[in-house]
Amino acid sequence: MSRLIPFLFVTAFVALCATGACPPSDDSDNGNANSELPNENTPPDDPPDEPGVVVRKRLVTTAGGKRAVQERWNWDGEEWELISRVPISGPNQGLGADSKAAATSTTRGRGGRGQANLPTDAALFCGGVSSVTGEFATAQAYYYTLEDDGWVGLTMTTPRTGHTITTLLDGRILIVGGWDGRVPIAFQASAEVFDPETLTFTPTGSMSVARNGHAASRLADGRVLITGGDESLAPSAEIYDPATGQFSPTGPMTEYRLNHESVTLDDGRVLIVGSNKTLNAEVYDANSGTFSAIADMNEFHGFGSSATKLANGKVLIIGGFGNTGTNANDIGGVELFDPATNSFTVLAEMARPRRSHLAVLQSDGTVLVGGGILENGDTTATVEIFNPQTNTFAAGPDMPRGGTDHSGVQLSLD
């Protein structure tokens, strides 16, 4: 267990504090031209620091993150607008950094970490640091419905941070692993399932090992691949079968990974990239249950990176720690993975290289990239839009407040 302590401080304290994700102690807002906005105390019946961004076509609603306050904002592709606060029912312990979000239904069988869910009408936000109590893990969850623009406060079976959250084919949501925030430090092997019909969380089978900072991707057949974050530092992986509610081993991976990204490709394979101090990338073949190394990435993409599958099937990889894994000024660039050739191509960097940012695929095929931490360590409110037709970024209107460690889900009533 002693060898885990420095690990956890990288994945929890460094990931949550040094990256700017801890609950703020003041109202400062580095890198944000709109820091004069009021930071009001939120009445008990107002929403908490919601953990991320909800996208409806090109409408973005955002709140939360380290620098954000209890306000909610809309962006329609041209400008930001403050909207009225929405009362919630149920518990209100707040969600801060490292919270996760997923839609509760999908229409074409995709979803999971590192890729956008397709049109849905509701989303679950859960776990992470409590923005109210300041604890490093919370059991708080919020269920958001787009049609009513309403929030319901819920409670998971256990506090979690460093967990994963994945939409299953039947619309339920699988929440796996993480840290419960308690000392002595121990990761979790447990998992639970959220049912949007009953708004309840139910324990399901446990993994064979405890994991934190792992990744999860839903396979074409509806099972879920869990990779990395193994408490024993082994390159292990396992599969969750929603039909049985049980995990079974698969793999192993070609190397141990932590705080990496996994994306299910259109051909059914899973791309696995990132983890500090490695350029190596690999793919998982669900038919054989094996991992294979592919061409190396051109740049380092460690903690704080993002991997977003585009409408054309390619994967956009942005930012993250570089080869040291500890230097806030060392941020990876931008590259594109082509599954047809298993190769990575370096793209022109954004105007503001960043990590711990938000990356959301929009319905028009572009990717909204906002917030995060810059090379100088400041939190930023800047926004850039990636155009897959030209493989370039263009500046968007700044977010009203900078933020880090957001999560996002695309929603649509269509």
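The values are calculated or read from the model by the stated rules, or taken from the named source; none is laboratory data. Everything numeric in this text was worked out from a predicted model, so none of it was measured. Backbone-built Cβ (ideal geometry, glycine too); neighbour counts: all protein chains shown.
Checking each residue in segment 252-280 for being part of a loop (DSSP other than H, G, I, E, B), of a type outside the set (Gly, Ala, Ser) and out of contact with any Phe, Trp or Tyr (no Cβ under 8 Å at 6 or more places or on another chain) picks out Glu255, Tyr256, Arg257, His260, Leu265, Asp266, Asp267, Asn280.
Note on segment 164-189: residues that are surrounded by fewer than 20 Cβ atoms within 10 Å (Cβ to Cβ) and of a type in the set (Ser, Thr, Tyr) amount to 0. Kindly indicate the residue of segment 235-258 that is aliphatic (A, V, I, L, M) and more than 18 Å from Leu279 (Cα to Cα) and also surrounded by the fewest Cβ atoms within 10 Å (Cβ to Cβ) among those meeting that condition. Only one residue fits best here, namely Ala243. For Pro203, work out the one condition from (1) at pLDDT 95 or above; (2) in a loop (DSSP other than H, G, I, E, B); (3) surrounded by fewer than 16 Cβ atoms within 10 Å (Cβ to Cβ); (4) not hydrophobic (A, V, I, L, M, F, W, C) it doesn't fulfil. In the conditions (1) at pLDDT 95 or above; (2) in a loop (DSSP other than H, G, I, E, B); (3) surrounded by fewer than 16 Cβ atoms within 10 Å (Cβ to Cβ); (4) not hydrophobic (A, V, I, L, M, F, W, C), Pro203 misses (2) alone.
β-branched (Val, Ile, Thr), in contact (Cβ under 8 Å) with a residue 40 or more places away in the chain and surrounded by 21 or more Cβ atoms within 10 Å (Cβ to Cβ): is that true of Thr161 in this structure?
Details: β-branched (Val, Ile, Thr): yes; in contact (Cβ under 8 Å) with a residue 40 or more places away in the chain: yes; surrounded by 21 or more Cβ atoms within 10 Å (Cβ to Cβ): yes.
Against the criterion (β-branched (Val, Ile, Thr), in contact (Cβ under 8 Å) with a residue 40 or more places away in the chain and surrounded by 21 or more Cβ atoms within 10 Å (Cβ to Cβ)), Thr161 qualifies.
Could you tell me which residue of segment 281-304 is nearest to the chain's Cα centre (by Cα), considering only residues that are part of a strand (DSSP E or B) and among the charged types (D, E, K, R)? Spell out the reasoning first.
Of the residues in segment 281-304, the ones part of a strand (DSSP E or B) are 281-285, 290-294.
Going one step further and asking which of them are among the charged types (D, E, K, R), we end up with 282, 285.
Working: Glu282: 20, Asp285: 23 Å.
The qualifying residue nearest to the chain's Cα centre (by Cα) is Glu282.
Residue check: is Asp378 in contact with a Gly (Cβ under 9 Å, 6 or more places away or on another chain) and either of a type in the set (Val, Ile, Thr) or more than 30 Å from Ala293 (Cβ to Cβ) (or both)? Here the answer is yes, as Asp378 does meet what is asked. Within segment 358-406, restricting attention to residues that are buried (at least 24 other Cβ atoms within 10 Å of the Cβ) and hydroxyl-bearing (Ser, Thr, Tyr), the residue that is modelled with the highest pLDDT is Thr380. Only one entry in Ala293, Ala307 is surrounded by fewer than 19 Cβ atoms within 10 Å (Cβ to Cβ) and among the aliphatic types (A, V, I, L, M), namely Ala293.
Anything in segment 234-251 that is in a loop (DSSP other than H, G, I, E, B), within 17 Å of Gly177 (Cβ to Cβ) and modelled with pLDDT of 95 or more? List them, or say none. Outline the logic, then answer.
Applying the first criterion (in a loop (DSSP other than H, G, I, E, B)) to segment 234-251 yields 234-236, 242-245, 251.
Subsequent filtering for residues that are within 17 Å of Gly177 (Cβ to Cβ) retains 234-236, 242, 245, 251.
Listed by number, the residues that qualify are Ala234, Pro235, Ser236, Pro242, Gly245.
Criterion first (free of Cβ contacts under 8 Å to residues at least 40 places away in the same chain and within 21 Å of Gly320 (Cα to Cα)) does Asp230 satisfy it? Spelling it out, Asp230 is indeed free of Cβ contacts under 8 Å to residues at least 40 places away in the same chain and within 21 Å of Gly320 (Cα to Cα).
Would you call Glu349 charged (D, E, K, R) and modelled with pLDDT under 85?
Details: charged (D, E, K, R): yes; modelled with pLDDT under 85: no.
So Glu349 does not fit the description; no.
May I ask you to list the residues in segment 241-263 that are among the aromatic types (Phe, Trp, Tyr) and in contact (Cβ under 8 Å) with a residue 40 or more places away in the chain? Scanning segment 241-263 gives a single hit, Phe247. Among the conditions (1) loosely packed, with under 15 Cβ neighbours inside 10 Å; (2) under 26 Å from Phe344 (Cα atoms), the only one that Ile226 does not satisfy is (1). Checking each residue in segment 134-177 for being farther than 24 Å from Ala243 by Cβ and outside any strand (DSSP E or B) picks out Gly134, Glu135, Phe136, Ala137, Leu146, Glu147, Asp148, Asp149, Gly162.
Could you tell me how many of the residues in segment 354-364 are in a loop (DSSP other than H, G, I, E, B) and in contact with a Phe, Trp or Tyr (Cβ under 9 Å, 6 or more places away or on another chain)? Matching residues across segment 354-364 total 1. Give the residue, chosen from Thr264, Thr278, Thr308, that is closer than 19 Å to Asn212 by Cα and within 21 Å of the chain's Cα centre (by Cα). The conditions single out Thr278. The single condition among (1) within 17 Å of the chain's Cα centre (by Cα); (2) at pLDDT 85 or above that Ala97 does not meet is (2). Anything in segment 331-353 that is in a loop (DSSP other than H, G, I, E, B) and either surrounded by 13 or more Cβ atoms within 10 Å (Cβ to Cβ) or among the β-branched types (Val, Ile, Thr) (or both)? List them, or say none. Correct list: Gly332, Gly333, Pro339, Thr341, Asn342, Glu349, Met350, Arg352, Pro353.
Screening Glu238 on (1) touching a strand residue (DSSP E or B) at 6+ places or on another chain (Cβ under 7 Å); (2) in contact (Cβ under 8 Å) with a residue 40 or more places away in the chain; (3) not small (Gly, Ala, Ser) shows it passes everything except condition (2).
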